[in-house]
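Take a look at the structure below.
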Amino acid sequence: MDLTAGKSLPSSMVRRNVYDPLEPTREPRWYVVRGAQGEVLEVRPLPAGTDLKRVFVAAMLERIDAGWQLGEFSSRGGSVFFTRRTERCMVSVEAADPGKPVGYGAAHLVDSPTRPCG
């Protein structure tokens with residue numbers, strides 16, 4: 001029997017910081033409600049410095065009070081799902097304005113049939 005198996009060994013691995021989208025920030029955020037197909041139903045800009053955890057919890061309580069059933073939620077993802085009869089929606093706190101397209105990678109830098117560069 002190995003007597004060292006129960007002892008903890010020093011680790012050379014450093015624990016990464018976990019991203020929390022509801023931590024205070026100096027950047028603006030958006031309160032977004034999306035329908036079952038991902039369509040944006042409601043947007044509220046949240047100024048820099050807003051208590052995002054309070055907004056998240058208040059949104060959950062507001063929906064519950066309106067007759068929605070709380071589904072799965074993730075404070076690590078900054079989102080919560082609700083159902084009411086046959087309706088489903090997601091409420092989230094997002095870092096990007098949902099009204100503006102996000103140009104990931106270099107795709108927005110090349111010509112396309114619908115949007116030429118220039």
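The values are calculated or read from the model by the stated rules, or taken from the named source; none is laboratory data. None of these values were measured; they are calculated from a predicted model. Ideal geometry is used to build each Cβ from the backbone, glycine not excepted, and the neighbour counts take in all protein chains shown.
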**Prompt:** Which of the residues that make up region 28-40 are exposed (fewer than 14 other Cβ atoms within 10 Å of the Cβ) and closer than 16 Å to M60 by Cα?
**Reply:** G35
**Request:** Please list, ordered by first then second residue, the pairs with beta carbon atoms under 6 Å, 6 or more apart or interchain, first in region 32-46 and over 13 Å from R88 (Cα atoms), second not in a strand (DSSP E or B) and not charged (D, E, K, R).
**Result:** V32/P98; V43/P98
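Residue-by-condition table, conditions (1) touching a strand residue (DSSP E or B) at 6+ places or on another chain (Cβ under 9 Å); (2) modelled with pLDDT of 95 or more; (3) assigned to a loop (DSSP other than H, G, I, E, B):
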position	(1), (2), (3)
T4	no, no, yes
L9	no, no, yes
M13	no, no, yes
N17	no, no, yes
D20	no, no, yes
R26	no, no, yes
V43	yes, yes, no
I64	yes, yes, no
F73	yes, no, no
